[in-house]
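No lab work stands behind these numbers, since they all come straight from the coordinates. Source: prediction; values computed, not measured. FYI the Cβ positions are ideal-geometry reconstructions off the backbone, even for glycines, and counts take in every protein chain you see.
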Amino acid sequence: MATDLESPPVAPISPAPPAAKARRIARHGWLYLMLLPGLAYFLIFRYWPMYGLSIAFQDYLPFLGYSDSPWVGLKHFEELFTGSDFTRLMTNTMILALLTVVFVFPAPIIVALLLNELRRRTLKNSIQSIIYIPHFLSWTIVASVTYLLFSADFGVIAGYINDLVGGPRADYVAQEAWFRPIIVLQLLWKQTGWGTIIYLAALAGVDTQLYEAARVDGAGRWRQFWHVTLPGIRPAIVIMGILTCGHLLDSGFEQIWLMTTSLNRSVADVFDTYVYYIGITQGSYSYSTAVGLFKGVVGVLLIYGSNLLAKRFDERGLF
Amino acid sequence: MKKSLAALAALTLITAGCGDSGSETSSDTITVMAPLFGTAPDPNGELQQAVQKLIGKKLQITWVPNADYSEKTNVTLASNNMPQAMVIQGDKQSAFVQAAQAGAFWDLTGKLDKYPNLTPADPTTGKNATVNGKTYGIYRVRPLLRSAISIRKDWLEKLGLQMPKTVDDLQAIAKAFTERDPDGNGKKDTYGLIVPKWPGTYASSSPYDVIETWFGAPNGWGERGGKLVPGFDTEEFVTANKWLKNWVDNGWINPDFATLDSANWNKPFVQGRGGIILDVNVRSGDLVKLFKETDPKNFDKVALAGNLARTDGQKFSAPFPGYNGIVAIPKQKVKTEEQLDQVLQVLDKLQAKEGTVLLTNGIEGRNFKLEDGYAAPLDEDNPQIKVINNDVEKAFIQLGTRASVGLGAYPPKPADEPSRKLVVQRNELATEDLKTAVHNPALGVVSETYIKQGKTLDLIIPDARIKFLSGDITEEQLRAEIKRWYAEGGDKVAQETNDLVAKLGK
């Protein structure tokens, strides 16, 4: 979104002689100076640590360090792609991603549109504030509450369902079949309200004259919505869509880690939790870095892919 | 995207920055990392001051909450901030073994004999604590036989049941606890056994492992047909789990056995939902204490039973390894033999009688006094004394290698008659069960393939076991999972384990 802030061209775009270039830099000296902290931040905290990625190609042992750990080429990647874990991880990650795109991504758009149709300002504002609250609760709390509500032994909701359906009590938090629905429900509950912010901002930016013109042309509410509101927020939807695609492989580590048990591990294991388990709790630094690197590369590809797609459909895209 | 890069960056950051030695700690300070079970002690607290006075050095201790200890260990291994002495809990896990074999820790084989309080007091445990014949640390002693069954005594009495001697007795009790309304509220709202979500791997002294041992399965590794096989590759393993599955199917066990947080393990017992806990024997004491808190007059509600014989009368008891983790000396800060000698001398002083009293009982005459060999608590409600007690029980006791949890320098004087009886009983049962203990011949052995692939192998069996118990997979699928363990590298682990055990002698 940095492109939105692009300053208007102040100098001719044609290749300028070096002197002119220097003059131009001097003229905007302060701007360049103000750029430095941000640049330094990215270099120091985002790019410099990446040299550590080299351990993905080593049999890294902390005691030996980067320089003395043996280089092993693509061994860890081979291990990942040929190992029995890979298909399971990929499937689980992709299914969760798909569910996110289908259920979680549209939810804030729908809620924002509904809120937009509310006449009473105070009502709209208070609903907005209330639905933001879950966003500020940590996943630990969300997970504990879920366990409390759905536990087979003392869960309130599990009890209600049991009273309705009968039969032995099902352990919803432990069963494979319920893992994904619960994850999606948690995401919806926690993130939908917060997600509406961007869409509400976009909705506020839609020119009211357009609505007036539409009304004059005889458009009803539905037509106004279809021809004015929706196109108005389309850029926001597209940009959010691209960003979501970049995050497709990020399945939300904390949430999934907290909801994993021995019983649902076969559907719960995703790249994020796997990297943590293998890397931090088991101490296989190199292998887990390789897995993380693979995930990062796929993430970059997805962002470029979706951006390209957006441009194809005549949208502005992210960059 | 940003997040995934950040995660990568975080991982690389923690592994970055090795090689330089960091700030040298001055020679009159010793740095230590140890697990913590409550609030961290104040470095200026009375107990730490007393310990420092005894060893003549300043202590700088990094207390790490026990739940995060393995993570913190792995992160510390990759940092330039290693302490001079470090408690290692996963002393057989690949991260530590690899680091130790690469030379990150001092090989103490043969070096401990000079220090009377560090050299293994029990040769068998000493051997169990080695890695393929090498000693990388000083083992933290634990009682060798700790498994026992805590049962609701009042429920037993109400239903007119006897203490269990065999697995069939226990099954009858669990059934009665579930079906015969032991709490007398007219509702069918109780069950027998309480099992929490078990974080450990196979053969990690879980209730499942203990029950399998009762049925005759090896404890970890055992001889079958002339060679060592993992315990789960035996008919007894399957029989035991089929037996327990019947409990699950009948509701004789807590329905959330796969998810119950182990921090809440006592709750169903004390709140009267479940009536049996299969864990370490000292838990009976904890349970009595909890009952006493809710009702100071009527709290004699815990009975203790030992390991059980199987249906044919044969008895196999499940021992523990006899130690829990080791104290290892990283080479990063302790570079020369001289420095090593200094650190070991300090530790030796700390593990002598006077030191172990401080670590496991506290300050004599301040928070406890001696009464016929027992440590009797003094002035327990005094806030200052409470701090000392907390520092001992939740923290410093973890530094003890000669005396430690369950084996303090002086046994604590039981607070009341029921607790005293339980302590006596606990010791009797332990002595009795030790005679039938099934030892793991491969405890001191870590196979090369396990170091490399243990991470993926470790989860196969415990996960399959839980899934079988809960009915997610059938017996055939359980057996298939055991085969899968072999196929994914387990056959090599088994071969190497056999070779190593043969080489090192039994």
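When Cβ neighbours within 10 Å are restricted to other protein chains, what is their mean count per residue of peptide B:164-175? Present the calculation step by step, with values, prior to reporting the outcome.
Values: counts 0, 0, 0, 0, 0, 0, 0, 0, 0, 0, 0, 0.
That works out to 0 on average.
Specify whether the C-alpha gyration tensor of chain A places it in the rounded, prolate or oblate class, a ≥ b ≥ c being the square roots of the eigenvalues: rounded for a/c under 1.5, otherwise prolate if a/b is larger than b/c and oblate if not.
oblate
How many nm is it between the label spots at A:V297 and B:N81, if each spot is 7 Å from the Cα in line with the beta carbon?
Between A:V297 and B:N81, the simple spin-label model gives 3.3 nm.
Which one of A:I44, A:I233, A:I280 has the biggest mean-square fluctuation once chain A is modelled by GNM with Cα springs under 10 Å?
Of the options given, A:I44 has the highest mean-square fluctuation.
Cα-Cα over 24 Å: which of B:K227/B:K492; B:K197/B:K267; B:K111/B:K452; B:K111/B:K353; B:K175/B:K421?
In this structure, B:K111/B:K452; B:K175/B:K421 lie more than 24 Å apart at Cα.
Determine the alpha carbon to alpha carbon distance for each of B:K158/B:K297; B:K153/B:K297; B:K57/B:K92; B:K72/B:K455 and list only those over 20 Å. Intermediate results must be reported in sequence, preceding the final value.
Values: B:K158/B:K297 18 Å; B:K153/B:K297 15 Å; B:K57/B:K92 31 Å; B:K72/B:K455 17 Å.
B:K57/B:K92, as the Cα separations exceed 20 Å there.
Net charge around A:K295, counting only other residues with Cβ within less than 10 Å of its Cβ (Lys, Arg = +1; Asp, Glu = -1)?
Result for the local shell: -2.
Applying 1/(1 + (r/R0)^6) with R0 = 41 Å to the Cβ-Cβ distance of B:A487 and B:N264, what FRET efficiency is obtained, to the nearest 0.05?
With a Förster radius of 41 Å, E is 0.65.
Rounded if a/c is under 1.5, else prolate if a/b is larger than b/c, else oblate: which is the stretch B:41-166, with a ≥ b ≥ c the root eigenvalues of its Cα gyration tensor?
Working: a/c = 1.95, a/b = 1.59, b/c = 1.23.
Here the stretch B:41-166 falls in the prolate category.
Could I have the simple spin-label model distance between B:Q314 and A:L243, label points 7 Å from Cα toward Cβ, reported in nm to one decimal?
With each label placed 7 Å out from Cα toward Cβ, I get 6.6 nm.
Can you give the average number of partner chain beta-carbon atoms within 10 Å of each beta-carbon in peptide B:252-265, as a whole number?
5
Let me know the shape class of the protein assembly as shown, please: from the alpha-carbon gyration tensor, a ≥ b ≥ c as square roots of the eigenvalues, rounded when a/c is under 1.5, otherwise prolate if a/b is greater than b/c, or oblate.
Numbers: a/c = 1.90, a/b = 1.43, b/c = 1.33.
The shape class here is prolate.
Report the FRET efficiency, 1/(1 + (r/R0)^6), for B:K114 and B:L370, where r is their Cβ-Cβ distance and R0 is 45 Å, rounded to 0.05.
Step by step, r from the Cβ atoms, then E = 0.90.
Could you give each residue of the stretch A:282-288 its phi-based ³J(HN,Hα) in whole Hz, using Karplus coefficients 6.51, -1.76, 1.60 with θ = phi - 60°, and x for Gly or Pro?
9, x, 8, 4, 5, 4, 5
Counting Lys +1, Arg +1, Asp -1, Glu -1, what net charge surrounds B:F291 among other residues with beta carbon under 13 Å of its beta carbon?
That works out to +2.
With r as the distance between the Cβ atoms of B:N44 and B:E380 and R0 = 22 Å, compute the FRET efficiency 1/(1 + (r/R0)^6) and round to 0.05. All intermediate terms of the calculation are to be shown ahead of the outcome.
Details: r = 22 Å, r/R0 = 1.02.
In this case the efficiency is close to 0.50.
Need one value for A:284-296: mean number of C-beta atoms belonging to other chains within 10 Å of its residues' C-beta atoms.
Across the residues of A:284-296, the mean count of other-chain Cβ atoms within 10 Å is 4.
If you build a Gaussian network model of chain A, linking Cα atoms that sit under 10 Å apart, which residue out of A:R265, A:R223, A:R46 swings the most?
Highest fluctuation of the listed residues: A:R46.
Build a GNM of chain A with springs between Cα atoms under 10 Å: which of A:F154, A:F294, A:F103 gets the top mean-square fluctuation?
Taking springs between Cα atoms under 10 Å, the residue moving most is A:F154.
Please list 3J(HN,Hα) in residue order for the stretch B:256-264, calculated via the Karplus relation 6.51 cos²θ - 1.76 cosθ + 1.60 where θ = phi - 60°; whole Hz, with x for glycine and proline.
9, 4, 8, 10, 4, 5, 5, 5, 9
Excluding A:Y32 itself, what net charge comes from residues whose Cβ is under 15 Å from its Cβ, given Lys and Arg +1 and Asp and Glu -1?
+4
Determine the distance separating the Cα centre of the stretch A:13-91 from the Cα centre of the stretch B:68-134; give it in Å without decimals.
Computed from Cα coordinates, the inter-centre distance equals 36 Å.
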